[in-house]
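Nothing in this text is a laboratory measurement; each read-out follows from the coordinates by a stated rule. Values in this document were obtained by computation on a predicted structure and should not be read as measured data. In this analysis, Cβ positions are derived from the backbone assuming ideal geometry, glycine residues included, and neighbour counts consider all displayed protein chains.
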Amino acid sequence: MNKPIPLHTIPIASADVGTCAESSVIRERGQREVFCGLTGIIWLHRKIQDAFFLVVGSRTCAHLIQSAAGVMIFAEPRFATAIIDDRDLAGLADANEELDRVVNRLLERRPDIKMLFLVGSCPSEVIKLDLSRAAERLTRQFAPRVAVLNYSGSGIETTFTQGEDACLTALVPSLPSLPAAAPAELLIVGTLADIVEDQFLRLFKAMGIDRVAAFPPRRSTTLPAVGPNTRFLLAQPFLGETARALESRGATRIAAPFPLGIEGTTRWLKAAADAWGIDPDDFEKTIASARDRGQQAVERQKSHLVGKTIFFFPDSQLEVPLARFLSRECGMHLAEVGSPYLHKQHLSEELALLPEGTQLSEGQDLERQLDRCRHAQPDMVVCGLGLANPLEAEGIATKWSIELVFSPIQGFDQAADLVELFTRPLRRRTLLQTQSSHPEANV
Ligand code: SF4
């Protein structure tokens with residue numbers, strides 16, 4: 001491991017130190033190590049089961065989504081890349097014609113596709129293409145059988161989970177209107193695993209909130225209605241633009257922490273229950289058994305984490321709710337909680353729950369952050385795939401943040417699984433250390 005750098009020599013000249021719910025924030029803009037928004041396709045295509053994601057991009061883009069989704073082999077895949085960067089383009093008309101040809105071939109062959117997303121990327125040829133006009137043109141051609149939408153997953157404009165935000169934002173104008181006279185509806189916003197979504201729908205129904213929908217829906221033909229009588233709960237912290245688009249349709253956000261861990265889940269459910277005027281005793285009776293079961297499972301799992309120090313590199317925007325859970329429910333110390341973007345309003349309930357003085361950082365200047373990390377000597381680091389191997393080689397246990405986005409971790413029944421996702425790297429490192437200090441032992 002590199003020699004730790006004393007704190008006073010760490011160059012933070014460009015850092016703007018502000019305050020946020022009693023915590024200091026280092027804001028950095030520099031070299032960053034994070035996936036682009038195309039990554040969101042990997043979980044979005046599983047959620048909206050009749051949608052297809054056509055990346056308009058390069059071989060690099062094709063390689064990224066193929067390798068990120070490499071574990072899944074479908075007879076009829078629901079994403080692909082139209083590669084347009086390595087041809088001799090005579091002009092934009094050629095590129096548009098080529099795109100139309102690809103889409104025509106795809107939709108002729110695949111009548112099961114009801115919604116097609118054209119996903120923009122970085123190459124200059126793609127940037128020159130007007131994908132929103134292409135989407136309009138193709139929608140006219142294929143209406144009403146297929147709706148064609150577009151958004152950008154380009155690494156220049158989006159990081160990792162912002163791809164989902166861009167996708168859902170593009171979808172909001174297609175949502176039907178909820179009539180002004182209709183009873184209030186609750187909208188859960190953000191992709192959740194079906195199993196988690198079902199648990200939440202059951203709990204809301206049991207406490208007396210009947211009119212609940214999820215966005216994105218499982219099928220593009222069941223888009224939820226939205227209007228002034230929509231109250232929405234964000235299930236993910238990275239949906240700033242989606243929230244803004246829903247608000248522009250008259251919907252109101254219910255402020256809440258995110259449903260990670262027992263406390264987060266309880267407060268998230270309670271925020272909706274309060275908005276619906278549910279009696280506190282009825283709420284308590286509804287959640288008690290699931291909450292207590294989850295609580296006991298967390299207690300059994302957390303011993304490996306208590307007293308350990310964790311450092312978050314910015315990646316998924318899940319960092320603040322995860323840090324809150326690990327510190328308050330698992331007894332971990334927070335060395336630094338980095339996030340690509342801190343949405344003050346959407347995170348205000350979370351930030352208020354962090355231990356006073358928690359070091360937050362927003363954005364990234366990779367080398368400086370690595371210096372701070374080495375200085376802190378954490379037991380575990382949460383980071384992107386690119387940083388994991390070098391940090392492991394330096395003796396630090398790592399957790400890939402992408403795994404936390406792919407795994408069902410929200411809700412009471414998943415809280416212990418969430419603990420387990422963090423205990424595994426520590427156990428593996430302990431095992432490796434035992435093996436290297438006692439090579440004769442067959443552990
Ligand atoms: Fe494609 Fe740009 Fe993402 Fe690279 S960063 S995979 S070029 S969209």
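Structure data summary
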{"read-out": "Estimated FRET transfer efficiency (ARG133, GLN296; beta-carbon r; R0 41 Å; 0.05)", "value": "0.15"}
{"read-out": "Whether the stretch 389-439 is rounded, prolate or oblate, judged on the alpha carbon gyration tensor where a/c under 1.5 counts as rounded", "value": "oblate"}
{"read-out": "Whole-percent pair-distance distribution, where bins are 10 Å wide, for the alpha carbons of the chain", "value": "4, 20, 29, 25, 16, 6, 1, 0"}
{"read-out": "Packing-based ranking, highest mean first, of 212-224, 255-267, 415-427, 325-337 given that Cβ atoms within 10 Å are counted", "value": "255-267, 325-337, 415-427, 212-224"}
{"read-out": "Most positive-pole-ward Cα, LEU54, SER348, PRO144, against dipole of the chain from beta carbon charges", "value": "PRO144"}
{"read-out": "Cα-projected label distance for ARG145 with TYR341, points at 7 Å along beta-carbon direction, nm", "value": "3.6 nm"}
{"read-out": "Extension gain from LEU431 to ASN104, taking 0.36 nm per residue of separation minus the Cα-Cα distance", "value": "112.3 nm"}
{"read-out": "Share antiparallel - DSSP beta bridges, the chain, percent rounded to 5", "value": "10 percent"}
{"read-out": "Residue exposure sequence - PHE79, PHE160 - by fewest surrounding Cβ within 10 Å", "value": "PHE79, PHE160"}
{"read-out": "Mean Cβ neighbour count within 10 Å, used as a protection proxy, ranking 129-140, 271-282, 363-374 highest first", "value": "363-374, 129-140, 271-282"}
{"read-out": "Within the stretch 269-382: Cβ-based charge dipole about Cα centre, in debye rounded to nearest 20 (Lys, Arg +1; Asp, Glu -1)", "value": "360 debye"}
{"read-out": "Length added when fully stretched, ASP413-SER289, from 0.36 nm per residue minus Cα-Cα", "value": "43.6 nm"}
{"read-out": "Of GLY155, GLY40, GLY357, the one that fluctuates the most in a GNM where the chain has Cα springs shorter than 10 Å", "value": "GLY357"}
{"read-out": "At q = 0.10, 0.11, 0.13, 0.14 Å⁻¹, base-10 log of I(q)/I(0) for the stretch 146-297 (Debye sum, equal scatterers on each alpha carbon)", "value": "-0.36, -0.44, -0.61, -0.70"}
{"read-out": "Members of LYS47/LYS399; LYS205/LYS270; LYS302/LYS399; LYS114/LYS205; LYS205/LYS285 lying beyond 22 Å, as alpha-carbon distances in this model show", "value": "LYS47/LYS399; LYS114/LYS205"}
{"read-out": "About the Cα centre, charge dipole magnitude for the chain (Lys/Arg +1, Asp/Glu -1 at Cβ), debye", "value": "580 debye"}
{"read-out": "Gyration tensor over alpha-carbon atoms, the stretch 267-313, equivalent ellipsoid semi-axes in Å", "value": "30, 16, 6"}
